[in-house]
Amino acid sequence: MKLRDDYRELDEKYVMQIFARDLRIIKGEGAKVWDDKGNEYIDCFAGIAVCSTGHCHPAVASALCEQARQLIHISNLFYVPGQAEFAEQLVNTTGLEGARAFFSNSGTEANEAAIKLARVRTGRKKFVAFVNGFHGRTCGALSMTYKEAYRLPFAPLPYECEFIEFGDLDALTEVVDSSVAAVITEPIQGEAGVLPAPEGFLKGVRDVCTDNESLLILDEVQTGIGRTGKWFGYQHEGITPDIITIAKGIGSGFPMGAIVAREGLSFLPGEHGGTFNGGPLACAAGRATLSVLEGILPDVARKGRLFAEGLSAYNPRQIGLMVGISLGERCAEVQKKCLKAGVLTNCASGSLRLVPPLVITDEEIETAVGVINAALD
Ligand SMILES: Cc1ncc(COP(=O)(O)O)c(C=O)c1O
C-alpha cells in the first residue's frame, strides 16, 4: 500500500482521537524499528510488551503467510487447523497438568472470559482486585481495573469488586470470604509502572483463595510468555493459579489472547464463545512464537540484568525484561530525550517502563542503556 503524506490530517478527520501520537513507524526487524523518515530506533517498548520474538520474526512471518495461503478464517463450529496443537503447546508452558485453554482476541477479552468462568462455576458474584491493578477496558475487566478515571465514567459496572492495597495480606484475609468468586491480580503490576508483588504475597493470596474456595485469577497478560524470564510470573513463586490470563506476547503482535484454567474448571457448551477466537492465523502465530521463545527464554534473565546493572544509579525494578524506574513528572521529558536519541521507551504511571522484545541483543541493550542514562542524567 502506498502511504500518504497527509496521514495526520486523515487521521484527525477519520479516526477517533484517543491517543496522543507523533511518530509513524513503518518497518521493524528484531528489536529495531524505522519511522517514515528513515530514522532508526531501538525498541524498548515492543508495542506495549507485545513483540516478544521481535518485529517480523521470520518464523512468525512465514507461519502467518503459509497459513494465509491455506485458510484465513473458519468458524469454531469446525475444528480449527492448528488450534488444538497450539493449545497443547500453551498448556504445557503453564505446567498445569490437565488444564485446558480457551482462546480470545485480546487481554481484556481473556480477563472477561476468566471473570465469566469464575462467576459461572462458583455461583458467586463478588470479586477482589488490587489498588493500581489494570485488567482491561471492557466492562467486566474494567470492574476490576483500579483507576477511577477509566472506571467511573462507565458506572455502574457489571461486577461488584473490592480493591485492596497490593501486598496487604491482612486486608485481603479480612475481605475474602465465601461470597468471593475470585481474586484477580497481576504478579507484577505493569501499567502501574512495573511493581512486583512483595515477597511471599502471591503465596499468601493463593492460601486465602484456597481457604475460602475462591478462585485465583492471575493476569499474566503483560508478565506472561517469557517476559519475566520464565513462561509465567507465578512460576517464580512456586504457586499454581486456578486461571491464567494471557495475551500481548502470545502472537508476536498478531492479536490473540487466551485463558488456561486448571483441571476441572471449564466453560460448558454455550456459556462463552466468539467468532474469531483461536482462528487459524492467530494459532499459527502463536505456535511459531512459542517455538521461537523456547530457545530464547533461558537468556531473558541475563539480558534483564544487563539493563538493571546499566541503570543501577536510578534504582530500577527489574524482573527479566521488564524494567521500571520511578520518575514522576520527569518521565515524559526523559522519554522524549530517549526518543530523540533513537530509543523507544514508555511512561507508565510516572515510571519509565522498558519492555523490549525478548530477542534484543547485548549490543542493543548497551546502546539503549547509554541513551537512557544520558537522558536521566
Ligand atoms: C495486565 C494487563 N491486563 C490486561 C490488559 C488488557 O489487554 P488488551 O489491551 O490486550 O486488551 C493489559 C494491557 O495493557 C495488561 O497490561
Margin query: Considering only residues that are buried (at least 20 other Cβ atoms within 10 Å of the Cβ) and assigned to a loop (DSSP other than H, G, I, E, B), which ones fall in region 346-373?
Written below: Val355, Pro356, Pro357, Leu358, Val359, Ile360
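Would you confirm, using the coordinates I've provided, whether Ser326 is of a type in the set (S, T, N, Q), in contact (Cβ under 8 Å) with a residue 40 or more places away in the chain and surrounded by fewer than 21 Cβ atoms within 10 Å (Cβ to Cβ)? If you could, list the steps in order and put the result at the bottom.
Details: of a type in the set (S, T, N, Q): yes; in contact (Cβ under 8 Å) with a residue 40 or more places away in the chain: yes; surrounded by fewer than 21 Cβ atoms within 10 Å (Cβ to Cβ): yes.
Yes.
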Check: Out of all the residues in region 286-301, which are surrounded by fewer than 15 Cβ atoms within 10 Å (Cβ to Cβ) and in contact (Cβ under 8 Å) with a residue 12 or more places away in the chain?
Finding: Ser291
Check: Of all residues in region 88-106, which are more than 16 Å from the ligand (Cβ to nearest atom) and touching a residue at least 60 places away in the same chain (Cβ under 8 Å)?
Finding: Gln89, Leu90, Val91, Thr93, Thr94, Gly95, Leu96, Glu97, Gly98, Ala99, Arg100, Ala101
Notebook entry, point to check: Restricted to region 230-285, and to residues that are among the β-branched types (Val, Ile, Thr) and over 19 Å from the mean Cα position of the chain (by Cα), which residue is surrounded by the most Cβ atoms within 10 Å (Cβ to Cβ)?
Noted result: Ile239
Note to self: Return the residues of region 219-249 that are more than 10 Å from the ligand (Cβ to nearest atom), without any contact (Cβ under 8 Å) to a residue 60 or more places away in the chain and either within 13 Å of Cys51 (Cα to Cα) or not in a helix (DSSP H, G or I) (or both); say none if nothing qualifies.
What the structure shows: Glu237, Gly238, Ile239, Pro241
Check: Has region 120-132 got at least one residue that is of a type outside the set (Val, Ile, Thr), within 16 Å of the ligand (Cβ to nearest atom) and free of Cβ contacts under 8 Å to residues at least 24 places away in the same chain?
Finding: no
Margin query: Which numbered condition in (1) in a loop (DSSP other than H, G, I, E, B); (2) surrounded by fewer than 20 Cβ atoms within 10 Å (Cβ to Cβ); (3) within 16 Å of the ligand (Cβ to nearest atom) is the only one that Phe163 fails?
Written below: (1)
Notebook entry, point to check: (1) in the same structural domain as Gln189 (by TED's automatic domain parsing); (2) surrounded by fewer than 21 Cβ atoms within 10 Å (Cβ to Cβ); (3) among the charged types (D, E, K, R): which one isn't true of Glu333, the others all being true?
Noted result: (1)
Note to self: From the list Glu40, Glu66, Glu109, exactly one residue is crowded, with 23+ Cβ neighbours inside 10 Å, charged (D, E, K, R) and touching a residue at least 24 places away in the same chain (Cβ under 8 Å). Which is it?
What the structure shows: Glu109
Next item on the list: With the condition kept exactly as written, say whether any residue in region 51-64 is in the same structural domain as Ile360 (by TED's automatic domain parsing) and within 16 Å of the ligand (Cβ to nearest atom).
Entry: yes
Checklist line | Whichever residue in region 107-119 is away from the ligand (no atom under 15 Å from the Cβ) and among the aliphatic types (A, V, I, L, M) and, among such residues, is nearest to Gly270 (Cα to Cα) | finding: Leu117
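For region 304-323, which residues satisfy the criterion of being surrounded by fewer than 20 Cβ atoms within 10 Å (Cβ to Cβ) and part of a helix (DSSP H, G or I)?
Within region 304-323, the first condition is being surrounded by fewer than 20 Cβ atoms within 10 Å (Cβ to Cβ), and the residues that meet it are 305-306, 308-310, 312-315, 317.
Answer for region 304-323, where residues must be surrounded by fewer than 20 Cβ atoms within 10 Å (Cβ to Cβ) and part of a helix (DSSP H, G or I): Arg305, Leu306, Ala308, Glu309, Gly310, Ser312, Ala313, Tyr314.
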Check: Exactly one of (1) outside any loop (DSSP other than H, G, I, E, B); (2) among the small types (Gly, Ala, Ser); (3) buried (at least 17 other Cβ atoms within 10 Å of the Cβ) is unmet by Ala171. Its number?
Finding: (3)
Notebook entry, point to check: If you check Glu12, Glu29, which single one turns out to be more than 16 Å from the ligand (Cβ to nearest atom), in a strand (DSSP E or B) and in the same structural domain as Cys347 (by TED's automatic domain parsing)?
Noted result: Glu29
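The values are calculated or read from the model by the stated rules, or taken from the named source; none is laboratory data. Bear in mind the structure is a predicted one, so any value in this text is a computation, not a measurement. All Cβ positions, even for glycine, are placed from backbone atoms using ideal geometry, and neighbour counts span all protein chains on display.
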